Amino acid sequence: MSPAKQVVVLGGGFGGLHLVRRLERHLRPDEAAVTLVDRQNYHLFTPLLYQGCTGELPPHAVAYPLRDATAPAGYQFLQSEVTAVDLDHRRVGTADGEVPYDHLVIALGSVTNDFGIAGVRENALPVKWLSDAETLRRHVLDIFESAAIETDIARRREALTFIIVGAGPVGVELASSLRDLMDHTLRKIYPSIDFYTDIAIHLIEGTDHVLPAMDPRLSAIAMKRLEQQRVRVLLKTLVSEIRPGIVLTKDGAQLRARTIVWSGGVKVNPLVASVDLPKSKDG
Ligand SMILES: Cc1cc2nc3c(=O)[nH]c(=O)nc-3n(C[C@H](O)[C@H](O)[C@H](O)COP(=O)(O)OP(=O)(O)OC[C@H]3O[C@@H](n4cnc5c(N)ncnc54)[C@H](O)[C@@H]3O)c2cc1C
């Protein structure tokens with residue numbers, strides 16, 4: 001009998017984890033040895049990441065251990081950074097050595113796209129990974145602590161100004177979740193802050209409506225809800241640069257905020273881009 005084929009799955013996100021679960025149902029144990037590789041040892045359930053950002057849910061509620069999916073099926077899990085894919089020699093380079101394969105599935109997802117705008121990476125917070133949510137949650141709570149004892153109104157209001165760049169699903173949901181956190185949780189415990197006049201949440205969008213990739217009816221519903229939640233939506237506003245605490249727009253405005261979040265979109269994972277395979281139009 002020929003040895004079992006080596007199936008290697010890169011990435012335990014939605015694509016990779018779904019595939020592993022399907023293989024478990026469809027492959028006989030002697031048919032293939034399956035190895036899942038991911039830099040994290042958990043699957044991140046991104047639809048609940050906002051609740052991680054606001055502290056509504058603890059980290060373990062949005063992170064599912066990948067070994068819970070691989071071990072019962074008799075599959076291997078390797079926590080490591082994938083650094084290269086060698087199609088010619090059928091092996092994957094990782095931070096912990098090479099992994100040979102007969103069949104390879106690349107499901108490494110996307111990375112944050114800053115569209116080459118200066119200062120995004122250095123001066124804005126991303127919302128993509130669990131560590132981003134933890135950083136943002138800590139940052140927001142620290143801001144409220146310092147604002148609570150700030151007696152200068154102008155400084156307090158600047159500290160409590162939040163700018164979110166990009167009104168796709170991530171930006172819209174984050175703006176809304178932040179307002180919910182403030183109105184339902186923080187308002188009760190920060191009596192020295194006026195939650196109506198001291199806090200501003202700005203959502204910046206380059207096109208002329210929020211959720212531009214979605215059905216216009218959904219955009220309209222989201223816009224109405226954001227208005228009800230006192231989120232100031234700046235449409236047709238293109239960001240040209242982000243400096244520490246300042247968002248510069250192409251029409252010359254300078255918006256100041258202690259918290260600047262970048263939710264401008266994603267692009268193809270550079271590792272996937274580097275592999276010589278046929279790709280779809282967007283990579
Ligand atoms: C905050 C947020 C909320 C979202 N909400 C929704 C929603 O409600 N509904 C919806 O349909 N979509 C939502 N999305 C989009 C959704 O998360 C993505 O479409 C989905 O994750 C893509 O799945 P994937 O398997 O391609 O990639 P991912 O889920 O990103 O998985 C990629 C995996 O590869 C790993 N990886 C990447 N590079 C390497 C490397 N070099 N080495 C090792 N491991 C690596 C990562 O750790 C990750 O586990 C949301 C996204 C975000 C950021």
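Worth pointing out:
- Residue among VAL9, VAL34 that alone is in contact with a strand residue (DSSP E or B) (Cβ under 8 Å, 6 or more places away or on another chain), of a type in the set (Val, Ile, Thr), under 29 Å from ASP132 (Cα atoms) and part of a strand (DSSP E or B): VAL9
- Counting only residues that are surrounded by 16 or more Cβ atoms within 10 Å (Cβ to Cβ) and among the polar types (S, T, N, Q), region 238-283 holds 4 of them.
- Filtered residue count, region 127-179, keeping only those that are open to solvent by less than 10 Å² (accessible area, probe 1.4 Å), more than 24 Å from VAL239 (Cβ to Cβ) and in contact with an Asp or Glu (Cβ under 8 Å, 6 or more places away or on another chain): 1
- Failed item, numbered, when VAL261 is tested on (1) within 12 Å of the ligand (Cβ to nearest atom); (2) outside any strand (DSSP E or B); (3) of a type outside the set (S, T, N, Q): (2)
- Cβ-Cβ contacts under 6 Å between residues 6 or more apart (or on different chains), taken from a first residue in region 207-233 that is of a type in the set (Lys, Arg) to a second residue that is surrounded by 15 or more Cβ atoms within 10 Å (Cβ to Cβ), are listed as ARG232/HIS202.
- Entry remark, region 17-37: residues being within 13 Å of the ligand (Cβ to nearest atom) and either among the basic types (Lys, Arg) or in contact (Cβ under 8 Å) with a residue 12 or more places away in the chain (or both) number 7 in total.
- From THR112, THR161, THR197, THR94, residue being among the polar types (S, T, N, Q) and farther than 25 Å from ALA253 by Cβ: THR94
- Screening the candidates GLN40, GLN51 for the property of being within 12 Å of the ligand (Cβ to nearest atom) and modelled with pLDDT under 95 yields one hit, GLN51.
- Scanning region 84-126 for residues that are part of a strand (DSSP E or B), open to solvent by less than 50 Å² (accessible area, probe 1.4 Å) and among the small types (Gly, Ala, Ser) gives ALA84, GLY93, GLY97, SER110.
- Filtering ILE117, ILE106 for residues that are away from the ligand (no atom under 15 Å from the Cβ), among the aliphatic types (A, V, I, L, M) and at pLDDT 95 or above leaves a single hit, ILE117.
One line per residue, one yes/no per condition, for (1) in contact (Cβ under 8 Å) with a residue 24 or more places away in the chain; (2) within 15 Å of the ligand (Cβ to nearest atom); (3) in the same structural domain as LEU181 (by TED's automatic domain parsing):
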residue	(1), (2), (3)
ALA63	yes, yes, no
ALA69	yes, yes, no
GLY74	yes, no, no
PHE77	yes, yes, no
SER80	yes, yes, no
ASP86	no, yes, no
HIS89	no, no, no
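- Which listed residue, of LEU186, LEU235, is surrounded by 14 or more Cβ atoms within 10 Å (Cβ to Cβ), more than 20 Å from PRO126 (Cβ to Cβ) and in contact with an Asp or Glu (Cβ under 6 Å, 6 or more places away or on another chain): LEU235
The values are calculated or read from the model by the stated rules, or taken from the named source; none is laboratory data. Quick caveat: nothing in here was measured; it's all calculated off a predicted structure. With ideal geometry, Cβ positions are generated from the backbone for all residues, glycine too; neighbour counts draw on all protein chains shown. For accessibility, only protein heavy atoms count, side chains too; no ligands or nucleic acids. Shrake-Rupley method; radii C 1.70, N 1.55, O 1.52, S 1.80 Å.
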